[in-house]
Amino acid sequence: MSEILELKNISKSYGSTTVLENISFKINNNEFFTILGSSGSGKSTIIRMIGGFTKPSSGEIIFANKNINDEPIFKRPFNTVFQDYALFPNMNVFDNVGFGLKIKNKSKEEIKKNVLNVLTVVGLEHFSNRMPQELSGGQQQRVALARAIICEPEIILLDEPLGALDAELRKQMQLFLKEIQKKIQISFIFITHDQEEAIFLSDRIAVLNNHKFEQIGSPKDLYYSPKTTYMAKFFGECNLIKCRVTNYDSESIKVSSAFGSFNIPKNKNLNNESEFIYGIRPEEVKLVRQSEKSIKVKIKDINFRGSTSTINATNDNGDSLIKIQNISTNISKSLSINDSIDIEFNTDLGSIFIE
Amino acid sequence: MTRLENYTKYLLAGLTGLIVAALYAPIVLTIFYSFYKSRKGKVDWNSFSYEPYTKLIYERQILESLMNSIYVGVVTVICSVIIGFYFANYYHTSKSKMKEFLQFIIFLPFLLPPIITGLSLLIFFREINLPRSLNTVVIGHTIFVLAIVFKIILNKLETLKPSLMESAYDLGASKWQAFYYVLLPNIKLSLIIAGLLAFTISLDETLITLFLIGNDTTWPIKLWAKMRVGFSKQVNASVTLILILTSLLVLLIASIISRSEKKIMY
Amino acid sequence: MNSVLNYFSTSIWTIVSFILVIFLILIPLFSFLSYSFFTVDGTDIIHEFSLFNFKEFFIDEIYIRTFVRTIFLAIIVMSCCIMLGYPVAFFLARYAGRYKYVILLMLIIPLFMSYIIKIYMMRSILGYSGLINKVLAMMGFIEKPLEFFLWNQNSVIITLVVILLPLIIIPTFTSLDKIPKNIVEASFDLGCKPFQAFRYIIFPISFPGLIVGSIFVFILALGDFVTPQLVGGTSGFTYGKIIYSNFGMAFNWPFGAALASILLFVSVIIILLTNYLTNKLRT
């Protein structure tokens, strides 16, 4: 895979308000890249800068080894699918989709051929004479996408395109987007605030928090190797336990915590007496028989979730809480509040955050 | 923004400035000549005086025509708002096909050249032997502004949810009570805007009035008559006062509209 | 009791208001149209059907000539208003930022300010010793005052443009202001240069508003009779002025009605035609 676009140390501020701070990332060929962040986090600003609608305050946007900071919008080989589609109300579906080619002075026959082709790809071949106002949200979405695809851009920028759709349609469109991206082999930069959507669609995800990227990586990377406690809590749930190394030897590390002591695998970032936060996902906490490795906790409550249950448990003092997930209801049936249970961490999948 | 776009912007800003100047030039000149004298096109800069304003109280004809105009304006507002509200409500609630036809008729005097509306009424009044007076002028003004009043009130009615009146009935209100306690407070602002606009238009209506006026003249018609002999400074002073009144009315309308954040106008 | 006071749906009220509208709008229009088929004898109007007035219109070529000239005049006024008004509306909607409504209001206020005075004052602006000539002389462009501006067709055109210009700015601004920003961005995104974005997107979307304003300006310019009377002199004669004179000194109401009905007929045709063409253009 080769890189096609790079953003280097991009910052953006409006007056004294900082929107983005030192953002850097690269986009690979044929990649589905998602920028994930809450509303107002500045995620739209990133693709607006790539598209050329706003300029970065500092930093470089590099495309094909060339700085394109000052390239006007219409010269950039990217196309945008806008949040509320921005279809031209004075043109029907056919003219909307064919607009980019018309501007490039393509012949009428070529435009017709291409438009019909692309409309077939997005499944709207029978709608070419409709006006945008006569289409449903999902159909307008497809027209907006077709309008971008037909220009054969190097990258398609999608600015929260599914935001306005209801849940059911949203699922359909996610599937549709994923399939179409594979089919047409164009890189997508996709903006969303929805984690599930990001995980489902993306090859890589960049999580935006406090004007900066927390972490960039594949969905699996982000889930299993979060780099910060923010990331650990951002996807799914995670128990964060304050720990201190008590015994550091060549084989394993013994740590103490509010729940007692346990062993974790070797880690070169730790040394004797170092303090850190240990992250372990609730499904990686196992109920076990009492052993010398196990930890004793007291059940606070049990939440029935169908075939499995979730247990919240506390340590002896009752001042620290731990969540345990995916316990077969068969087992949880026999348990009740205030029971003592023994647990063990699947320490291969725990994360270490040094503050 | 490209450099070309910047140039375009400044060019357009300049044009806009020129046009604002052109639109205000006649008005500014009038105000100017109410304070300064000019002889043979030369302005006497030492002649500043606000005497014409104090002398205005002795100009019975001008004052009378002003009072007539205000009378016509007020009666026009009352008639047009009542009829306009009635039709708007009818149009809004009725399912009859007649309502489109009705709307078409109401809009006719507004869309046709004023000269047609004026002479139609003139001929009609002659046929039914109704002598020309301020009241015939009121009729002319009412049917002229009716379309605007109707449209403003209708726009407001269409923003109200049908459940509003239904819930009033549901709670046991009679139709009058529902109107007075529920509908009226909700459309009050649109009635005020429509009324102010109707008054402003009526105050300056000339083309229809010229056909319908009797012996008592309204203010624009008095100006029209005085123009042959040239304007005295008192006339300029009366014009200035009316201009201030009109501007205040338009600003009042605009501020009501922007405060209720409904862009109903046009 | 309730059924009488019932403020809507009551049949009496419905009938009353329908009668009112029919009496005050439709019947006057009808009586005016029928007058155009009557004739006059001295000061008496003869209520008998006759095509005399229309014959007169077509025989004496001054009427047709004046009519055609007035249509041209209205077209020129309309074109000037479009050429001046559209750029202003465009500037307001796109570049004036938070001042746009303030400037719009400034452009609307003169619309409500004394019609007669505006026309009258145009005399002291356009006249031989008027403002324009003075300014031009002061700046050294001319030695003798220009007579190009007053007591002719030009002065009628200029005055009507000054009076009617806001009517085209308002609807055009409204339709331009409604265009979402991202639609313009989308056109850039698809490769439009600024002029192309204007040509293919902004202008077509604002076109209906421009048409509404243009029709208003055209109709009002066509029917105006006060402006030519005050600034037109002898050569600034218009059709509206002829109609009005038949109701004044000439006192030939049936002939005036006939002339007006021709004006009405042509106005309606033009409105319908524009409507039809706009709809056709859009599809």
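At 222 nm, what helix-only mean residue ellipticity would chain A give, in deg cm²/dmol to the nearest 500, using -39500 (n - 2.57) for each DSSP H run of four or more? My calculation for chain A gives -7000 deg cm²/dmol from helical runs alone.
Take every pair of alpha-carbon atoms less than 8 Å apart whose residues are at least six positions apart; their mean separation over the length of chain B yields a relative contact order of 30 percent.
Counted by neighbouring Cβ atoms within 10 Å, the residues B:141, A:126 run from fewest to most as A:126, B:141. Fewest-first ordering of A:342, C:60 by other beta carbons within 10 Å of each residue's beta carbon gives C:60, A:342.
Once the cut-off is 15 Å, how many percent of the Cα-Cα pairs in the range B:3-44 end up in the long-distance tail?
Summing the P(r) tail past 15 Å for the range B:3-44 gives 60 percent.
Projected label points at residue B:94 and residue A:328, each 7 Å from Cα along the beta carbon direction, are separated by 7.6 nanometres. Set against the 2.2 N^0.38 Å expectation for a compact globular protein, chain B has a Cα radius of gyration ratio of 1.24. Counting only lysines at least 8 places from residue A:300 when in the same chain, those with an alpha carbon closer than 18 Å to its own are A:286, A:323, A:333. Our Cα-only numbers for the protein assembly as shown put the radius of gyration and Dmax at 38.0, 128 Å.
Using C-alpha pairs under 8 Å with a sequence gap of at least 6, the mean separation divided by the residue count of chain A gives a relative contact order of 15 percent. Within the straight-line cut-off of under 18 Å between alpha carbons, the aspartates and glutamates reachable from residue B:175 are B:166, sequence neighbours fewer than 8 places apart in one chain being disregarded. Pairs from the table (B:161/C:178; B:99/C:55; A:75/C:280; B:97/C:55; A:183/A:227; A:242/A:268) lying more than 28 angstrom apart at Cα are B:99/C:55; A:75/C:280; B:97/C:55; A:183/A:227.
Work from the charge dipole of the protein assembly as shown (Cβ charges, +1 for Lys and Arg, -1 for Asp and Glu, about the Cα centre) and give the residue of C:31, B:15, A:77 farthest towards its positive end. It is B:15, whose Cα lies furthest towards the positive end. What fraction, in whole percent, of alpha-carbon pairs in the range A:112-164 exceed 19 Å separation? Every Cα pair in the range A:112-164 considered, those over 19 Å come to 26 percent.
Using 0.36 nm per residue and subtracting the Cα-Cα separation, the extra length available between residue C:60 and residue C:277 on full extension is 74.8 nm. On full extension, the segment bounded by residue C:144 and residue C:178 gains 7.4 nm, given 0.36 nm per residue less the C-alpha separation.
Per the Debye calculation on chain A with a single equal scatterer at every Cα and no solvent contribution, log₁₀ I(q)/I(0) for q = 0.08, 0.14 Å⁻¹ amounts to -0.54, -1.10.
Taking DSSP loops as anything outside H, G, I, E and B, show the longest stretch in chain B free of trypsin sites (Lys or Arg not before Pro) there with at most 16 other beta carbons within 10 Å. Between the exposed loop sites, the longest stretch runs B:98-261. With the alpha-carbon atoms of chain C aligned to their principal axes, the span from lowest to highest coordinate is 72, 68, 40 Å, starting with the largest. Across the range B:176-185, coupling constants 3J(HN,Hα) worked out from phi with the 6.51/-1.76/1.60 Karplus curve, θ = phi - 60°, read 5, 5, 4, 5, 6, 8, 10, 5, 4, x Hz, and Gly and Pro carry x. Relative intensity of the range C:163-210 on a log10 scale, I(q)/I(0) at q = 0.13, 0.20, 0.26, 0.33 Å⁻¹, equals -0.32, -0.64, -0.89, -1.14, per a Debye sum over C-alpha point scatterers of equal strength in the absence of solvent.
Taking +1 at the Cβ of each Lys and Arg and -1 at the Cβ of each Asp and Glu, which of B:96, A:252, C:184 sits farthest along the dipole of the protein assembly as shown towards its positive end, judged by Cα position relative to the Cα centre? Farthest along the dipole direction, towards plus: C:184. In this structure, the pairs whose alpha-carbon distance is over 19 Å, taken from B:9/C:100; A:106/A:178; A:66/A:178; A:102/C:193; A:8/C:181; B:222/C:118, are A:106/A:178; A:66/A:178; A:8/C:181. Across the options C:170, C:64, C:238, the greatest Cα extent toward the positive end of the charge dipole of the range C:36-282 (unit charges at beta carbon of Lys, Arg, Asp, Glu) belongs to C:170.
Counted by neighbouring Cβ atoms within 10 Å, the residues B:4, C:73 run from fewest to most as B:4, C:73.
The magnitude of the dipole of the range A:237-353, with charges of +1 and -1 set on the Cβ of Lys/Arg and Asp/Glu and taken from the Cα centre, is near 180 debye. Other residues with beta-carbon under 14 Å from the beta-carbon of residue C:40 carry, at +1 per Lys or Arg and -1 per Asp or Glu, a net charge of -3. Placing dummy labels 7 Å off each Cα toward the beta-carbon, the span from residue C:48 to residue A:169 is 7.2 nm. Only the Cβ atoms of Lys and Arg (+1) and of Asp and Glu (-1) were treated as charged; on that basis the dipole of chain C about its Cα centre amounts to roughly 1120 debye. Largest GNM mean-square fluctuation across C:66, C:159, C:43, computed for chain C with C-alpha springs under 10 Å, falls on C:43. Below 8 Å between Cα atoms, with a sequence gap of 6+, how large is the relative contact order for the range C:41-169 in percent? That works out to 32 percent.
For residue B:58 and residue B:248, the FRET efficiency from 1/(1 + (r/R0)^6), where r spans their Cβ atoms and R0 equals 30 Å, is about 0.75.
Of all the options A:30, A:272, A:96, the one that moves most in a Gaussian network model of chain A with Cα springs shorter than 10 angstrom is A:272.
Taking every Cα-Cα distance in the range A:237-353 and sorting them into 5 Å bins starting at zero, the pair-distance distribution P(r) comes out as 2, 12, 22, 24, 18, 11, 6, 4, 1 percent.
Inter-chain neighbour count for C:29-37: the average number of beta-carbon atoms from partner chains within 10 Å of each residue's beta-carbon is 5.
Note on residue A:286/residue B:192: beta-carbon distance plugged into 1/(1 + (r/R0)^6) with R0 of 45 Å gives a FRET efficiency of 0.05. Hey, if you drop one equal point scatterer on each alpha-carbon of the range A:17-132 and run the Debye formula without solvent, what base-10 log of I(q)/I(0) do you get at q = 0.12, 0.17, 0.19, 0.20 Å⁻¹? After summing over all Cα pairs, the log10 values are -0.60, -1.03, -1.14, -1.19.
Annotation: the antiparallel percentage among DSSP beta bridges lying fully within the protein assembly as shown is about 80. Annotation note: trypsin sites (Lys or Arg not before Pro) in the range A:256-328 located in DSSP loop regions with a Cβ neighbour count of at most 10 within 10 Å are A:268, A:289.
Among the listed pairs A:233/A:296; A:12/A:233; A:212/A:233; A:266/A:298; B:37/C:144; B:151/B:188, a Cα-Cα separation exceeding 19 Å is found for A:233/A:296; A:12/A:233; A:266/A:298; B:37/C:144.
Rg over Rh for the range A:309-355 works out to 1.02, using Cα positions for both radii and the Kirkwood form for Rh. Charged side chains reduced to their Cβ positions (Lys and Arg at +1, Asp and Glu at -1) give chain A a dipole of some 580 debye around its Cα centre.
Any read-out appearing in this document is the output of simple, stated calculations on the displayed coordinates, not a laboratory observation. None of these values were measured; they are calculated from a predicted model. FYI the Cβ positions are ideal-geometry reconstructions off the backbone, even for glycines, and counts take in every protein chain you see.
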